[in-house]
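Structure first, commentary second.
The values are calculated or read from the model by the stated rules, or taken from the named source; none is laboratory data. Quick caveat, the model's predicted, so the values are computed rather than measured. In this analysis, Cβ positions are derived from the backbone assuming ideal geometry, glycine residues included, and neighbour counts consider all displayed protein chains. The protein model used for the area step is the full one, side chains on, heavy atoms only, and it has no ligands, DNA or RNA in it. Shrake-Rupley method; radii C 1.70, N 1.55, O 1.52, S 1.80 Å.
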There are 2 protein chains.
Amino acid sequence: MQKEHNLSKNQKIIFDLIDKSREPMKAYSILFNVQKKGIKAPLQVYRALDKLVEIGKIHKIESRNAFIACQNSSCQVSKATAFSICESCENVSEISNSKLSKYLSNFSDSSGMKYSKYNLEFFGLCKKCKSK
Amino acid sequence: MQKEHNLSKNQKIIFDLIDKSREPMKAYSILFNVQKKGIKAPLQVYRALDKLVEIGKIHKIESRNAFIACQNSSCQVSKATAFSICESCENVSEISNSKLSKYLSNFSDSSGMKYSKYNLEFFGLCKKCKSK
DNA sequence: TTATAAATGTTATATTATTACATACTGTTA
DNA sequence: TAACAGTATGTAATAATATAACATTTATAA
Ligand SMILES: [Zn+2]
Ligand SMILES: [Zn+2]
Ligand SMILES: [Zn+2]
Ligand SMILES: [Zn+2]
């Protein structure tokens, strides 16, 4: 059962915007879009983004410096994330595959490191772009 | 067998610096370090980095905006990369695990996407930092 | 209530990366 | 050799991404 996070005003404005977007959003594009709601400075955006990532409501696509809403109802924190990214149309989806997540969550090697988090990004061509 | 790439002057200067570094290097730190060798502008650094990534001599650690030399003699291109990152000391190593790479290279799901590349970053505490 | 943590507002600045344009070098082929 | 194509370089300006520092306000809980 998922802990309910009561988002603050700025967090809610920014989450709603990202959640409605069909594509990953960049911080300054978010800023531009929420200026009419009174959020005027980059730091206000980055603070909300940091918190939303921390509680797993959004994830950062590291290779794109962009943010998407969590598409798995189960991500309470952003600690085990996998995405597919089309290099042609830049469509991004969160991969929800229990075998993959089990495999990676249980991964260990001889380095002696204790892994507590991972982020995986797959790149390729989506169905649409392949057939062009 | 690995194709021999004849690095250009700037590419060689920058690769040698990264290769000697025990930690991932950031672009502007690289710039600072190669100024005595005549490389004066960010673009000169970024161009060499782009090429070195393309041919697999270095990889970008996306979550850190930093670059490390390939630690696998086999990476001809940066298309199947996995790293372990200590969140305490920021030590980064390239993971070379054939089971993992096979698993990920063969991964496919029902989305219809054809994956041609991936990048995986594991986070946690290294041996040293765990025992502190 | 009092204390504490979390969130906000604001300005300035740091860090990372690209655009645009001119020039030079390297290897191939007519 | 000459012409060409592809790759690399040099330089200036600027765009895009992210954080520091400090003051204030709001929410939560002892
Ligand atoms: Zn998620
Ligand atoms: Zn596509
Ligand atoms: Zn490698
Ligand atoms: Zn460590």
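For every residue, the table says whether it meets (1) in contact with a Gly (Cβ under 9 Å, 6 or more places away or on another chain); (2) in contact (Cβ under 8 Å) with a residue 12 or more places away in the chain.
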position	(1), (2)
B:LEU31	no, yes
B:GLN35	no, no
B:SER73	no, yes
B:CYS86	yes, yes
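Could you tell me whether A:TYR28 is open to solvent by 20 Å² or more (accessible area, probe 1.4 Å), hydroxyl-bearing (Ser, Thr, Tyr) and more than 14 Å from chain B (Cβ to nearest Cβ)? Write out each step before concluding.
On the way: open to solvent by 20 Å² or more (accessible area, probe 1.4 Å): yes; hydroxyl-bearing (Ser, Thr, Tyr): yes; more than 14 Å from chain B (Cβ to nearest Cβ): yes.
It is true that A:TYR28 is open to solvent by 20 Å² or more (accessible area, probe 1.4 Å), hydroxyl-bearing (Ser, Thr, Tyr) and more than 14 Å from chain B (Cβ to nearest Cβ).
Within segment B:24-34, is even one residue outside any helix (DSSP H, G or I) and either over 21 Å from A:GLU62 (Cβ atoms) or within 14 Å of DNA strand D (Cβ to nearest atom) (or both)? Reasoning before the result, please.
As a first pass, look at segment B:24-34 and keep what is outside any helix (DSSP H, G or I): B:24-26.
If we keep only those that are either over 21 Å from A:GLU62 (Cβ atoms) or within 14 Å of DNA strand D (Cβ to nearest atom) (or both) as well, we get B:26.
Yes.
Kindly list, by first and then second residue, each pair from a residue in segment A:41-53 that is within 14 Å of chain B (Cβ to nearest Cβ) to a residue that is open to solvent by less than 50 Å² (accessible area, probe 1.4 Å) and within 16 Å of ligand 1 (Cβ to nearest atom), limited to pairs with Cβ atoms under 9 Å and residues at least 6 apart or on different chains.
Within 9 Å, the pairs are A:VAL53/A:HIS59; A:VAL53/A:PHE67; A:VAL53/A:SER78.
For segment B:62-82, how many residues are under 21 Å from A:ALA66 (Cα atoms), within 16 Å of ligand 4 (Cβ to nearest atom) and either more than 12 Å from chain A (Cβ to nearest Cβ) or touching a Pro at 6+ places or on another chain (Cβ under 9 Å) (or both)?
The qualifying residues number 2.
Within 16 Å of ligand 4 (Cβ to nearest atom), more than 12 Å from chain A (Cβ to nearest Cβ) and in contact (Cβ under 8 Å) with a residue 60 or more places away in the chain: is that true of B:GLU90 in this structure?
yes
Is there any pair with a first residue in segment A:117-130 that is more than 7 Å from chain B (Cβ to nearest Cβ) and a second that is surrounded by 19 or more Cβ atoms within 10 Å (Cβ to Cβ) and at pLDDT 95 or above whose Cβ atoms are under 6 Å apart and which are 6 or more apart or on different chains, and what are they?
A:CYS129/A:CYS86
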